[in-house]
Amino acid sequence: MSISRKYQQLQISNISPMDMNFLLYIENIYECYFGRKEIFPGRYLILDQQELLEPESFIVALKACWNTIVKEYEQQQFMDNPLDTLHFRDDYASLFRNDSVFHTAERVWNAFTLWWWPDYGIKAYMEKFTDQYMPEVTEQIYRGLYEKNIPIAKGNSLYIMLLFKQPIQIIPKSSNKLFFSTIDRFLYECFA
């Protein structure tokens, strides 16, 4: 969706970043084991708790992966396709024990992609419900910038990064290029 006023253009897009949502999926697995919570996807993807890092080591590795991905998105801000790096990353293996003979990271990635991609998957769900509100959200953002007299240079972009859940160990920091929102918060803001 793009909105233009007075020869200035602000490109606003909603995207569901697969890599960031995968990190949150893994975070839920750790929460099931160490936080003693029963949340999706549960503990059943892990054959043995020995496949997991200690909680403190996991948090350090998770934050490092998250920060690497955020930097990549910010650097790709002006590229034609900011989503061209969707693939299994070697960094994901650092979120599990290196000595795992069960290929844990690949197994969890495969389960995640089955949940993410189908027509009834979480990506389709998030896009279905957010796409219909993007014109209104775009207008609200533009109006706010206009009312505060914040200039918009031609070709500026803002990506609304949709997350399937609120992170527990990470506090996503929005910037002038990326704005993070969980799907439930996005819908709440639209209906409020």
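Observations, loosely collected:
- For segment 96-134, filtered to residues that are of a type in the set (Asp, Glu) and over 30 Å from Leu53 (Cβ atoms), the residue that is least open to solvent (accessible area, probe 1.4 Å) is Glu127.
- Summed over segment 35-54, the residues that are over 22 Å from His103 (Cβ atoms) and of a type outside the set (A, V, I, L, M, F, W, C) give a count of 4.
- Which listed residue, of Leu83, Leu47, Leu10, is modelled with pLDDT under 90, more than 20 Å from the chain's Cα centre (by Cα) and within 30 Å of Arg143 (Cα to Cα): Leu10
Residue-by-condition table, conditions (1) under 17 Å from Met161 (Cβ atoms); (2) at pLDDT below 85; (3) open to solvent by less than 20 Å² (accessible area, probe 1.4 Å):
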{"residue": "Asn28", "(1), (2), (3)": "no, no, yes"}
{"residue": "Pro55", "(1), (2), (3)": "no, no, no"}
{"residue": "Ala61", "(1), (2), (3)": "no, no, yes"}
{"residue": "Thr68", "(1), (2), (3)": "yes, no, no"}
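- Within segment 135-188, considering residues that are free of Cβ contacts under 8 Å to residues at least 24 places away in the same chain and assigned to a helix (DSSP H, G or I), the one surrounded by the fewest Cβ atoms within 10 Å (Cβ to Cβ): Glu147
- The residues on offer are Leu45, Leu24, and the sole one that is touching a Lys or Arg at 6+ places or on another chain (Cβ under 7 Å), assigned to a helix (DSSP H, G or I) and touching a residue at least 60 places away in the same chain (Cβ under 8 Å) is Leu24.
The values are calculated or read from the model by the stated rules, or taken from the named source; none is laboratory data. Worth saying up front: this structure is predicted, and the values here are computed from it rather than measured. As a convention, Cβ positions derive from the backbone with ideal geometry for all residues, glycine included, and neighbour counts pool all protein chains shown. For accessibility, only protein heavy atoms count, side chains too; no ligands or nucleic acids. Shrake-Rupley method; radii C 1.70, N 1.55, O 1.52, S 1.80 Å.
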